[in-house]
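Bear in mind that the values in this text are calculations on the coordinates, not laboratory data. Note that the structure is a prediction, hence the values are computed from the model and not measured. Cβ coordinates were reconstructed from backbone atoms using ideal geometry, including for glycine residues, and neighbour counts include every protein chain displayed.
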Amino acid sequence: MQAQRDHLNRNAGDVEIGVADILRSEQAGAAGHQAAHLPSPPRWLTTWERRRPPLLVECFAEFLGVGMYVFCGVGASATLLITTAAKETGFGSLLTIGFAYALGIAFAIVCCAGTSGGHLSPSFTIAFCLFKGFPVRKVPFYIGAQLCGGFCGALVVAGIFHQQLAQVTDGMRALGLEDAIFSAQGPAGLFGLMPGTGQELRWAFFNEFIGNTFLAILVFSVLDACNFFVSLSTAPFVIGMGYAVIIWAFSINSVALNASRDIGGRMACAVVYGSKCFTAYPGYTAIAALTTFPATLFGVAIQTLLLSDSARMIVNAPPSHAAEVDAINESRGFQVPSRAVTRESVFNNPHAEKGSL
């Protein structure tokens, strides 16, 4: 019986592209499986891809990526707050919040970085502009998309938990705890970050500055093409776990780590709880929103000026850049090909020795 969809038209023993390449190289000339037909995309899709504005899809990717990670992290925080208020256990902890942010960031990078570069933060967009040649004209569009993503991600969580959060808020007001609503442990504090009880602003600034500096060094170290400790496929999870470590270690002192998370979330807080989300702690509001910029630039400068070296061998690059990377490495004095054996290289040279570089 003929398959109705083109990608189902395959003979017995055919396997998907990728696995077939590996099997073919391993059998080295022996009769093996053949790759199943890889269908062409429909014409309407290729037409749309040619006509869509590149900057539009890049900004949408930044918007979606920030929204995804805020949705995951704030959702985990809301679950913990609501179940704690209801005296229910087993629905969350600081550990689950850290993992939610970490995996949310990793998923956002996986889904969106291939389109926009995966900045996901205004401070990193500026850092990429200053240190990596990102076009200046795109900076305001990226930052606007990121802020909108943080706002929408937090607002979606507020809508999902609207009934439960309203019950918690009404209960706190009935007990005369109006001020506690706008605290780090209150429902407004889920969206618009608030300082810890009795926390001095100088220490809040120090906490925020060090946390952002740590993350900037980590992120740019991960993205260093000469860093042989991190592969492209593991980079999203390493960056995500960096965020989680800061949350686990220093969230008791309040950390924002991202202006799009802080400002976007605070705007969503204002929609639900009013302008007090901005005015309850004006000093901390400025620290949470602005500290990330000098701290990120400071951390990136440390990594770029003191830790990286443009004369080293490039070891992490997409397979599509293999020829260019080899040429660059040869110009730096490295005679051995820089990349490990990949699916593409094995397929093109089935007699290549496995594990060689």
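Report the full-extension gain for the segment Arg43 to Leu232: residue separation times 0.36 nm, less the Cα-Cα distance, to one decimal in nm.
64.9 nm
Obtain the nm distance between the two label points defined at Val271 and Arg202 by a simple spin-label model: each point lies 7 Å from its Cα along the Cα-to-C-beta direction.
With each label point 7 Å from Cα toward Cβ, the separation is 3.9 nm.
What do you get for GluC sites (Glu not before Pro) in the stretch 155-244 restricted to DSSP loop and a cutoff of at most 15 other Cβ within 10 Å of the site's Cβ?
Glu200
Under the 0.36 nm per residue contour assumption, what length would be gained going from the current alpha-carbon distance of Gln335 and Thr84 to full extension?
On the way: separation 251, 0.36 × 251 = 90.36 nm, distance 6.07 nm.
Gain on stretching Gln335 to Thr84: 84.3 nm.
May I ask which residue of Ala259, Gly149, Ile246 lies farthest towards the positive end of the charge dipole of the stretch 141-273, with charges of +1 (Lys, Arg) and -1 (Asp, Glu) on Cβ and the Cα centre as origin?
Towards the positive end, the residue furthest out is Gly149.
Explain nothing, just compute: Karplus ³J(HN,Hα) = 6.51 cos²θ - 1.76 cosθ + 1.60, θ = phi - 60°, for every residue of the stretch 122-139 in order, whole Hz, x for Gly and Pro.
x, 5, 6, 4, 5, 5, 5, 5, 6, 10, 10, x, 4, x, 4, 5, 8, 4
For the stretch 204-252 and the stretch 59-112, compute the distance between their C-alpha centroids and round to whole Å.
Here the answer is 17 Å between Cα centres.
From the phi angles alone, apply the Karplus equation (6.51, -1.76, 1.60; θ = phi - 60°) to the stretch 297-311 and give each ³J(HN,Hα) in whole Hz, x where the residue is Gly or Pro.
5, 5, x, 5, 4, 4, 5, 6, 8, 10, 10, 8, 8, 6, 8
Extending each Cα 7 Å along its Cβ direction at Ser320 and Phe250, get the distance between those two points in nm, one decimal.
My value for the distance between the label points is 3.7 nm.
How far apart, in nm, are the 7 Å Cα→Cβ label points at Arg50 and Ile210?
Spacing of the two 7 Å Cα→Cβ label points: 5.7 nm.
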